[in-house]
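Below is one structure, written out as structure tokens; the observations come after it.
The values are calculated or read from the model by the stated rules, or taken from the named source; none is laboratory data. Note that the structure is a prediction, hence the values are computed from the model and not measured. All Cβ positions, glycine included, derive from the backbone under ideal geometry; neighbour counts span all protein chains shown.
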Amino acid sequence: MSVEGSTGCRAASRLSTGLLSVARRLERPVAEPCSHVPSDMTAPTPSGDGCEDCLAMGERNWVHLRLCQECGHVGCCDNSPRRHATGHYRDTRHPLIRSFEPGEDWWWCYVDEAGFNVPGAPPAPSYPT
């Protein structure tokens with residue numbers, strides 16, 4: 001095997017290890033919600049049924065959708081080409097998102113970089129299926 005080939009294998013191994021780590025974090029959220037979860041957990045009204053920013057650009061190529069828990073902005077996930085949910089956090093500093101996918105009920109805090117479930121929270125909204 002060439003040096004170039006072995007370097008590529010090591011890089012691929014590091015990438016797959018990193019992806020596995022992220023997947024494990026989402027499978028096993030932290031036990032306690034972060035301090036950014038408000039005591040009033042009224043669900044925000046979603047800004048739409050798809051990524052607000054992608055739709056404004058005439059695109060529909062997102063992978064998954066996320067819902068800002070402060071203002072209801074629907075943005076695409078970090079696996080999507082434009083990563084609008086994270087961009088929304090960077091622009092607004094709204095710390096919490098929730099999955100906007102049917103059947104998913106997890107939260108993510110950008111500030112604490114932690115995923116979790118919130119006991120007693122209203123059911124997660126999602127786009128119509």
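Descriptive notes on the structure:
- Failed criterion for residue 53 (all others in (1) farther than 22 Å from residue 122 by Cβ; (2) part of a loop (DSSP other than H, G, I, E, B) hold): (2)
- Residue 67 vs. criteria surrounded by fewer than 18 Cβ atoms within 10 Å (Cβ to Cβ), modelled with pLDDT of 95 or more and closer than 22 Å to residue 126 by Cα: no
- Taken as a whole, the structure leaves residue 50 outside the set of residues that are small (Gly, Ala, Ser) and in contact with a helix residue (DSSP H, G or I) (Cβ under 8 Å, 6 or more places away or on another chain).
- Single residue of region 91-116 satisfying the filter (under 19 Å from residue 34 (Cα atoms) and free of Cβ contacts under 8 Å to residues at least 12 places away in the same chain) that is nearest to the chain's Cα centre (by Cα): 113
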